[in-house]
């Protein structure tokens, strides 16, 4: 059952950009419409802070994308892609997202985690124990079932792909 979202509620939105990017790419061969994701995460409430956690590469080709996020009102926190011996690549912001969400939680009524990563389950549980509304926005087809169940509200980006996705060439997905 969805929770009631009221205009006076203060909300913090934490976007696991890599998780959403790879889910959209793998499920739909499309890009995420972050403007719509943010709009629906906020749901007419008072946005206190929106942070997008991004990964940078040596080539720097993603800089324009990072600027586009900032233009949408999403503060970006950047981490370099780690490349290990043997070519294994790691791009992970889970701990950073959890720490920031817990740090900002006292200033908000609701925390929205935009990721389907099951590693966020303890964060959702902790936020709820603090009396915060803990919400998740993710692609339901690739999101953790337990995460979806434990969240106070779950917005499934798969439910409206034409709204939340952009096809190659910038056209909307439909």
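The values are calculated or read from the model by the stated rules, or taken from the named source; none is laboratory data. Every value quoted in this text rests on a predicted model; they were computed, and no experiment measured them. No Cβ is skipped: glycine too gets one built from the backbone with ideal geometry, and neighbour counts run over all protein chains shown.
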Note to self: Yes or no: the stretch 145-157 includes at least one residue that is under 22 Å from residue 35 (Cβ atoms), touching a residue at least 60 places away in the same chain (Cβ under 8 Å) and part of a helix (DSSP H, G or I).
What the structure shows: yes
Notebook entry, point to check: When residue 86 is evaluated against the numbered criteria (1) surrounded by 13 or more Cβ atoms within 10 Å (Cβ to Cβ); (2) assigned to a loop (DSSP other than H, G, I, E, B); (3) over 15 Å from the mean Cα position of the chain (by Cα), which criterion, by number, is the only one it fails?
Noted result: (1)
Check: Would it be correct to say that residue 8 is in a loop (DSSP other than H, G, I, E, B) and more than 20 Å from residue 150 (Cα to Cα)?
Finding: yes
Next item on the list: Give me a count of the residues in the stretch 127-147 that are out of contact with any helix residue (DSSP H, G or I) (no Cβ under 7 Å at 6 or more places or on another chain) and surrounded by 17 or more Cβ atoms within 10 Å (Cβ to Cβ).
Entry: 3
Check: Which one of 134, 143, 159, 151 is within 15 Å of residue 17 (Cα to Cα) and under 17 Å from the mean Cα position of the chain (by Cα)?
Finding: 143
Check: Mind checking which pairs have a first residue in the stretch 163-174 that is within 8 Å of residue 31 (Cα to Cα) and a second that is modelled with pLDDT of 60 or more and assigned to a helix (DSSP H, G or I), Cβ under 7 Å, 6 or more apart or different chains?
Finding: 165/24; 165/28
Item checked: In the stretch 23-51, the residues that are buried (at least 16 other Cβ atoms within 10 Å of the Cβ) and either without any contact (Cβ under 8 Å) to a residue 24 or more places away in the chain or on the phi > 0 side of the Ramachandran plot (or both) -> 43
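For the condition crowded, with 22+ Cβ neighbours inside 10 Å and either within 18 Å of residue 48 (Cβ to Cβ) or touching a helix residue (DSSP H, G or I) at 6+ places or on another chain (Cβ under 9 Å) (or both), what is the one hit in 99, 111?
Checking each option against the conditions leaves just 111.
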Next item on the list: Evaluate the following for residue 91: is it closer than 22 Å to residue 119 by Cα, touching a helix residue (DSSP H, G or I) at 6+ places or on another chain (Cβ under 8 Å) and modelled with pLDDT under 90?
Entry: yes
Checklist line | Exclusive hit being out of contact with any strand residue (DSSP E or B) (no Cβ under 6 Å at 6 or more places or on another chain), at pLDDT 95 or above and outside any loop (DSSP other than H, G, I, E, B), set 128, 77, 35 | finding: 35
Notebook entry, point to check: Given the structure, is residue 121 surrounded by fewer than 20 Cβ atoms within 10 Å (Cβ to Cβ) and either in a helix (DSSP H, G or I) or modelled with pLDDT of 95 or more (or both)?
Noted result: yes
